[in-house]
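Asks: Sharing a structure below in structure tokens format, with a few things to ask.
The values are calculated or read from the model by the stated rules, or taken from the named source; none is laboratory data. For clarity, every value in this text was computed on a predicted model and none was experimentally measured. Note: ideal-geometry Cβ built from the backbone for every residue, glycine included; neighbour counts use all protein chains shown.
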Amino acid sequence: MGSSAPHQVDIFEVYRRYCDIRSASKRLCIGGDRQDDELKEASFPRDALNCLLKLVDSNLHLWTSIFSELLRLMSRLDFMVDLEFSHFYDFVFFICRENGQKNITVSRAVTAWRLVLAGRFRLLNQWCDFVEKNQRHNISEDTWQQVLAFSRCVYENLEGYDPEGAWPVLIDDFVEHMSRFGFYVLKNLQLTCSSVFFSCPYFSLFQGVSIIRS
Amino acid sequence: MTMNEEKTIDLGQGWELMQRVNTQLKNNLDGLEPKLSYEDTENLSLEKHGESILTELVHRWDHHIEIVNWLSNCFQYLEGNYISQNSLPSLHEVGITCFRVPVYQELYGRLSEAVISLNNNLLKNQANKGEHIDRSLLKNVLDIFVEVGMGKTYRKNYKVEDLSRMAELCSQIPGGLIIISRIFAAHLVVEARALVEHDEDAASNEKDFVMKAIKLRDKYYTYTNDCFKGETCLLLDLKIAFQEFWRKGVVGMSCSKILASFCDNIIRKGGNEAIEETLQKVEDLLDYITCADRDLFAKFYWKKMTQRLLFYKNANVEFEAFILTQLRWHLQPFIGKMGQMLRDLTLAKQNEVAFEDFLSTIPYIDLGIDFAVTVLTDRRWPCYKSFHLNLPTEMVKCVKAFTEFYQTKKNCRKLTWINSLGTCKLIGNFESKSMELVVTTAQACALLLFNEFDRIKYSDIKVSLKLPDKDLVRVLQPLSCAKHKILKKEPNTQTISPSDYFEFNSEFTDRRKRIKISIPPLVEKKVVVDDETRVQNRIHRSNVIGATIMRIMKRHKVLGFQRLSKECLEQLCSKLKLHRREFKMQIESLIEQEYLMRDKSNPNLFRYIP
């Protein structure tokens, strides 16, 4: 909130600042004991991030859309390192927040997921369809982050999902939904499919049979 | 009526146009033969058997649906206005009926034969995994069955053995059971819906409704166990269907309330051998409702039970206790309260005897009337209004004596008299005969005034009883305006107004010797009260769970999810039944409010944020 007219920033600048704020808050905490570190890290950058968000809002009219900007950013970033992607993933949530709200709307979240998790989440289509149909409330940051963790550990047959884990309810519901409609079939069909699709057609069993097309 | 009006084409002309387009569409779909699709099916199928009949059916069905969709689009205006206003069946429904009537009624037998033989073929083919098309065909046919509503009869007409055979066949095809299970569950939904709709007229009759629900459940579980060997997939689908059915409730009444009233009903009927079995069934149904709804059920049950204990003359404490042990899992949040309520009543009986003994030891007290007191322990019973009432001297004497007696037993307890719950028997000496009147305490006080005065003004009664207007009207109305006119009112109208005069009606008579004067219940908006209870219940639960989580986290600072949930369960087990989903949602909300956070490296670990 400078006194001068808000200057123009592009998405690259915003992302750079976002990363700066995060790493700065991390640096600040070096020296304390570990538990406190995490707590400070959580609370310190909020003001800085809110300022950044305001800056984004004032620049929004210059951008065609957040998602096309994100796509532009994605094409330049190197996601070979997992950590880099995690940063970017968190950033997507940050930039999707509207008017300083804590959570993001379902439609934004789904669009963003389809964009950033493409090729990274084997059940992406099913997940997005499920969320669109069943979730009425906004998506919280915690849920957003856990979806990334979920996408990393789960296979298309839902192996890797720990039912005893502290997954958010939305993910539990999704798994339940999937196991009702598809898991049974999958178990039997796994051998007939040779390659792995990101959007596997098995689950469309009830829309029209396309069970095996190998 | 149709959109033709707008374009000012006259109806005949428009109709012709429509018909031309329709014929053309049909021609396109059917290839070169311009025939009506469903009649055609009938003709063709007469010669066809087995698989070909099914292929043909699927083919025709696709065409039929195409035409139905097209026509529905054409007559959208009609559908949107005339049809919906007159609550006629929608065009889509009519279209499906068109298909069902000729095709289904004529061909049903052969269709199901074909399905079974196809199933058999599938089994044989499974070994060489050749013909996937067959499977899709079977699936398509079953889909049509579901859509057209054939599924219903499809299953209904099967005998148990047939169904078992079918189950066996299906269980060997991957995905076969899921299809069957879906048909099965869909059918349950249809039947359940019919049940709800049917009962809409007799919504007040919970008993019938619950009995029907019980029957429905039994039926489906017998099928599942006998024919499908209790296949989990089916059980799950059935469970979900039932849960859905319960969640909706009937005509705005929640399932918790319906079940609670049902229990009330059977308990009032009293003990017989079947009651244990019936209760078991009720418990089965209770398994389908959510934890929050179960709490509600307990609350409603508690309310009904207090009514039984206080106002129902056949109330039986031992029997109530027996039922409590039967239903204890479902009544958890209130079970303690209810046990103590029963203890109160047992104590009251003992007190009655002790009080008589006490009176006989003190010669100077002669009450002149029979007097019994039930002492209810505070907070275990619902809040009752304890309005002040000026009692006549006879009653004051009794109250004093009892207070004295109670002091000797429990000297530091305070007694608050709840006059609204009291009843009193009076002997009325009317001209024809004397009758016993059962009235409330306040009514008795009012009537006793007429021993001293013949004609009393409303305002004088009010001064004597010291009752507020609202309550006084409720006291006097049943005495002077309702069926039993024990008091004559001037002017003789149906409502009570402050300028009225009252007089003892000595000509009153009735063929019975004992008359119970009922008092109109306080008018409360039922639905609003129910909703309020529900919302309160939800807020209460989330507060309790949230507070427990925070207490535990504050002590541990960092805690894994498993241990947190375990400790939470332990701490809450006496208060409420914790549902895993509810618990998780509470954690999510605490994270959102920044009371808690997830550990960065281990998402199953939570940290307390001071």
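Asks: Does the stretch B:465-480 hold any residues that are more than 36 Å from the chain's Cα centre (by Cα) and surrounded by fewer than 17 Cβ atoms within 10 Å (Cβ to Cβ), and which are they?
Replies: Correct list: B:LYS466, B:PRO468, B:ASP469.
Conditions (1) part of a helix (DSSP H, G or I); (2) under 15 Å from A:TYR15 (Cβ atoms); (3) not charged (D, E, K, R), marked per residue:
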residue: A:ASN59; (1), (2), (3): yes, yes, yes
residue: A:PHE121; (1), (2), (3): no, no, yes
residue: A:GLN126; (1), (2), (3): yes, no, yes
residue: A:HIS137; (1), (2), (3): no, no, yes
residue: A:VAL147; (1), (2), (3): yes, no, yes
residue: A:GLU156; (1), (2), (3): no, no, no
residue: A:GLU164; (1), (2), (3): no, no, no
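Asks: Quick one: is A:SER25 closer than 28 Å to B:VAL558 by Cβ, within 14 Å of chain B (Cβ to nearest Cβ) and modelled with pLDDT of 85 or more? Quick ask: steps written out before the conclusion?
Replies: Values: closer than 28 Å to B:VAL558 by Cβ: yes; within 14 Å of chain B (Cβ to nearest Cβ): yes; modelled with pLDDT of 85 or more: no.
Taking the combined requirement at face value, the residue does not satisfy it.
Asks: If you go through the stretch B:487-512, how many residues are out of contact with any strand residue (DSSP E or B) (no Cβ under 7 Å at 6 or more places or on another chain) and surrounded by 16 or more Cβ atoms within 10 Å (Cβ to Cβ)? Don't jump to the end; show me each part of the working.
Replies: Step one: list which residues in the stretch B:487-512 are out of contact with any strand residue (DSSP E or B) (no Cβ under 7 Å at 6 or more places or on another chain), which gives B:491-499, B:506-509, B:511-512.
Next cut, surrounded by 16 or more Cβ atoms within 10 Å (Cβ to Cβ) only: B:496, B:508.
Total meeting the criteria: 2.
Asks: With (1) surrounded by 19 or more Cβ atoms within 10 Å (Cβ to Cβ); (2) at pLDDT below 50; (3) away from chain B (no Cβ under 13 Å) as the list, and A:LEU186 as the residue in question, which single condition is left unmet?
Replies: Status for A:LEU186: all satisfied but (3).
Asks: Can you list the helices (runs of 4 or more DSSP H) found entirely within the stretch B:262-349 that contain at least 1 residues being under 13 Å from B:TRP381 (Cβ atoms), of a type outside the set (S, T, N, Q) and within 20 Å of the chain's Cα centre (by Cα)?
Replies: Values: elements: B:274-286, B:291-311, B:317-326.
Here the list reads B:291-311.
Asks: Something else about it: Does A:TRP167 meet the test of being more than 9 Å from every other protein chain (Cβ to nearest Cβ), of a type in the set (A, V, I, L, M, F, W, C) and buried (at least 17 other Cβ atoms within 10 Å of the Cβ)? Explain how you work it out, then say what you get.
Replies: Working: more than 9 Å from every other protein chain (Cβ to nearest Cβ): no; of a type in the set (A, V, I, L, M, F, W, C): yes; buried (at least 17 other Cβ atoms within 10 Å of the Cβ): yes.
No; evaluated as a whole, the condition is false for this residue.
Asks: If you don't mind, another one. Name the pairs whose Cβ atoms lie under 9 Å apart, with the first residue in the stretch B:564-587 and in the same structural domain as B:ILE335 (by TED's automatic domain parsing) and closer than 15 Å to B:ASP295 by Cβ, the second in a helix (DSSP H, G or I) and among the aliphatic types (A, V, I, L, M), and 6 or more positions between them or separate chains?
Replies: none
Asks: To continue, here is another question. Can you report the number of residues in the stretch A:72-98 which are within 21 Å of A:GLU141 (Cα to Cα) and either acidic (Asp, Glu) or surrounded by fewer than 15 Cβ atoms within 10 Å (Cβ to Cβ) (or both)?
Replies: Final tally of qualifying residues: 5.
Results for (1) touching a residue at least 40 places away in the same chain (Cβ under 8 Å); (2) out of contact with any Gly (no Cβ under 8 Å at 6 or more places or on another chain); (3) in the same structural domain as B:GLU352 (by TED's automatic domain parsing), shown as yes or no for each residue.
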| residue | (1), (2), (3) |
| --- | --- |
| B:CYS398 | no, yes, no |
| B:GLN407 | no, yes, no |
| B:LEU415 | yes, yes, no |
| B:LEU426 | no, yes, no |
| B:PHE430 | yes, yes, no |
| B:MET435 | yes, no, no |
| B:VAL438 | yes, yes, no |
| B:ALA446 | no, yes, no |
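Asks: While we're on this one: Going by the conditions given, is B:GLU594 part of a loop (DSSP other than H, G, I, E, B) and within 14 Å of chain A (Cβ to nearest Cβ)? Talk me through it step by step, then tell me what you get.
Replies: Details: part of a loop (DSSP other than H, G, I, E, B): yes; within 14 Å of chain A (Cβ to nearest Cβ): yes.
For B:GLU594, the condition - part of a loop (DSSP other than H, G, I, E, B) and within 14 Å of chain A (Cβ to nearest Cβ) - is met.
Asks: Show the residue pairs meeting these rules: Cβ distance below 8 Å; 6+ apart or different chains; first residue within the stretch B:9-27 and outside the structural domain of B:ARG60 (by TED's automatic domain parsing); second residue among the small types (Gly, Ala, Ser) and in a helix (DSSP H, G or I).
Replies: Once the first residue is outside the structural domain of B:ARG60 (by TED's automatic domain parsing) and sits in the stretch B:9-27, its partners that are among the small types (Gly, Ala, Ser) and in a helix (DSSP H, G or I) give B:LYS26/B:SER37.
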